[in-house]
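Any read-out appearing in this document is the output of simple, stated calculations on the displayed coordinates, not a laboratory observation. Note that the coordinates shown come from a computational prediction; the quantities given were computed from them, not determined experimentally. Here Cβ is always computed from backbone atoms with ideal geometry, including for glycine, and neighbour counts include all displayed protein chains.
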Amino acid sequence: MHELAITQNMLDLVLEQAKKAEARKVGRINLVIGEMTGVVDGCVQFYFGFLSEGTIAEKAALSFTVVPTTARCRGCDKLFKLKEFDWTCPYCQGNNMEIVAGQELFVESIEVE
Ligand SMILES: [Zn+2]
């Protein structure tokens, strides 16, 4: 249920940016969500619906870019998509790796009027 707090933070940020840009209305919000964050876009959409009510971001379209969980193997230096609970390199079967993508969570850009 942490989507509620995340959506509130996102909205605060968007409104702050929109204010700086002297926007009358926010038309679209582009979000980047890493798979590892476990954030469900449908939940964000739902919370955004009522949190944004009465703000200039009301009825703004949300656009989500989901970043797959990607790891780099420290053994063979290859990049691959990490499957849940499978921490084995598909190339060398090693299990020493680092996460290089999938933990993102940010507002990429907003479109205002
Ligand atoms: Zn490897």
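General remarks:
- Considering residues of the stretch 56-82 that are part of a strand (DSSP E or B) and within 16 Å of the ligand (Cβ to nearest atom) only, the residue nearest to the chain's Cα centre (by Cα): T70
- Every residue from the stretch 89-109 that is surrounded by 15 or more Cβ atoms within 10 Å (Cβ to Cβ) and more than 9 Å from the ligand (Cβ to nearest atom): A101, G102, E104, L105, V107
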